[in-house]
1. In this structure, does Gly173 turn out to be within 16 Å of the ligand (Cβ to nearest atom) and touching a Leu at 6+ places or on another chain (Cβ under 6 Å)?
2. Which of the residues that make up region 66-86 are open to solvent by 10 Å² or more (accessible area, probe 1.4 Å) and either within 15 Å of the chain's Cα centre (by Cα) or within 11 Å of the ligand (Cβ to nearest atom) (or both)?
3. For region 359-417, how many residues are open to solvent by 30 Å² or more (accessible area, probe 1.4 Å) and either touching a Gly at 6+ places or on another chain (Cβ under 8 Å) or of a type in the set (Ser, Thr, Tyr) (or both)?
4. Return the residues of region 171-201 that are touching a strand residue (DSSP E or B) at 6+ places or on another chain (Cβ under 7 Å) and open to solvent by 50 Å² or more (accessible area, probe 1.4 Å); say none if nothing qualifies.
5. Go through (1) free of Cβ contacts under 8 Å to residues at least 60 places away in the same chain; (2) in contact with a Phe, Trp or Tyr (Cβ under 9 Å, 6 or more places away or on another chain); (3) more than 19 Å from Ile8 (Cβ to Cβ); (4) not hydroxyl-bearing (Ser, Thr, Tyr) for Met487 and report which single condition fails.
6. Quick one: is Arg161 of a type in the set (Lys, Arg), more than 30 Å from Glu228 (Cα to Cα), open to solvent by 20 Å² or more (accessible area, probe 1.4 Å) and part of a loop (DSSP other than H, G, I, E, B)?
7. With the checklist (1) open to solvent by 10 Å² or more (accessible area, probe 1.4 Å); (2) touching a residue at least 12 places away in the same chain (Cβ under 8 Å); (3) under 26 Å from Lys466 (Cβ atoms); (4) within 15 Å of the ligand (Cβ to nearest atom) in hand, flag the one item Val348 doesn't pass.
8. Can you pull out every residue in region 418-449 that is open to solvent by less than 50 Å² (accessible area, probe 1.4 Å), of a type outside the set (A, V, I, L, M), modelled with pLDDT of 95 or more and not in a strand (DSSP E or B)?
Amino acid sequence: MSGQTAVIHADQPAGRISRHIYGHFAEHLGRCIYEGIWVGEDSPIPNTNGIRNDVLEALKKLKIPVLRWPGGCFADEYHWKDGVGPRESRKRMVNTHWGGVVENNHFGTHEFMMLCELLDCEPYICGNVGSGSVQEMQEWVEYMTFDGESPMADWRRRNGREKPWRLKYFGVGNENWGCGGSMRPEYYADEYRRFQTYVRNFGGNRIYRIACGPNSADYRWTEVLMSEARNRMDGLSLHYYTVPGTWQKKGSATDFSEEEWFATLKKAMTMDELIGRHKTIMDRYDPDKRVGLIVDEWGTWFDVEPGTNPGFLYQQNTLRDALVAGLTFHIFHRHCERVHMANIAQTVNVLQAMVLTEGEKMLVTPTYHVFELFKVHQDAEYLPVHLEGKAAYELGGEKLPQLSISATRNDRGQLHISICNLHPREEGNISVELRGMKGRMQVSGRILAGARMNEHNTFDQPERVKPAAFDGASLVNGLLQAAVPPMSVTVLELNEWSE
Ligand code: AHR
């Protein structure tokens, strides 16, 4: 058992955490869209206009603020006109990037916008730079957002949507340094400038333009984009995946050692350094922090589940993923003045998913529960936490901090404190001074924990890992004390005392 002290600076709030860092990403990849979200109106699986009800209901509970679509690498091969009009006559194409399967285009712009309306979230659409044209991108925006008379707006009406949609977030290409065209930063910067010119603001719709940003530690990419195009962008993306092994041998999602547990958490924490260093470059060009760093792909990436299509990226999800999610959110909180949005990859059946499906069955993952527990941080004030005498989790001569803590205060004055205990065997004891908090408070909490590092939910046992009430915290003379079990994610709520 190890103990440490901390100070939460409730008297020095340091920014606001955009709810958009709790965003999602759903690509035409494997069984994310088809089967996972879209089953079609004629499916025996209960659905709302083709979208499966069980997944919809589960996702609604997360208060998803923004959803990125249609890719990913798929975005730079996607031609939106193939995905509108009567479904039976939509073009069938090959999804060359992801498994070579037939894409029947049944889930297109109208279906995606309907999904966003059902989830009450903002759409974030990624346009095709790699294999698309400026005209195609221009017409897509016109199709979606123009209210007047025009070929695209008239076509939208003929396809059943009278009013334009409100569309704020638009990405000009995806990973254009790789699957989106293998471009050099100088070339992409010029392409970005050209394409974004035609991403028009129609009527009252104002588009937040997101340029393709770097692959993890490619700092030169950020330098060039900021130098050449900063005044024409609102956001610059960043992609970083937590891969415990190598890209060739990533490691199993469920069958792993403590060394792999440790390596995964350590690699997840690299996000802090990446954001810090990209931020330093951005700060030089944009000291007012107008341009957001948009981490629009992040999460764990393991070997696919045995026997599944390698191009489908289907992996299980354990308590280890929950810790990665918690730690990553804490990093985003710390950089909230620059990180304006983040989108986990991906929402259903792909990579670090919230939801897994098998036919008509569905389960929610440990990562889902972290998103649900942490939704209290959305749009709240960030309160800096100072950890003193850091307790360590040591393995093989290496050290990680045992505890990670983040605190926020919402508009109703409630404090939320999330605590991740990375240690697989040791309880974490913490004593917290709430600096600047006066008056009497009461504390309650919820926790996600388990007996094994690889604890996960299966279709036979879908509720093995789920949050429980937490009674290990108390307030003694204004000092918060908590004892959190090994391998756990806890969220405490502090309310003003009312008799
Ligand atoms: O999320 C899976 C893939 O990872 C995305 O399509 C691509 O952008 C990234 O390389």
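The values are calculated or read from the model by the stated rules, or taken from the named source; none is laboratory data. Everything numeric here is computed off the predicted structure, so don't read it as measured data. We place every Cβ from the backbone using ideal geometry, glycine too, and count neighbours over all the protein chains shown. These area figures cover heavy atoms from the full protein model, side chains too; ligands, DNA and RNA do not enter into them. Shrake-Rupley method; radii C 1.70, N 1.55, O 1.52, S 1.80 Å.
1. No: the conditions fail for Gly173.
2. Scanning region 66-86 gives Cys73, Glu77.
3. 1
4. Listed by number, the list holds a single entry, Trp177.
5. (1)
6. Taking the combined requirement at face value, the residue satisfies it.
7. Here Val348 meets the rest and fails (1).
8. The answer is His423, Pro424.
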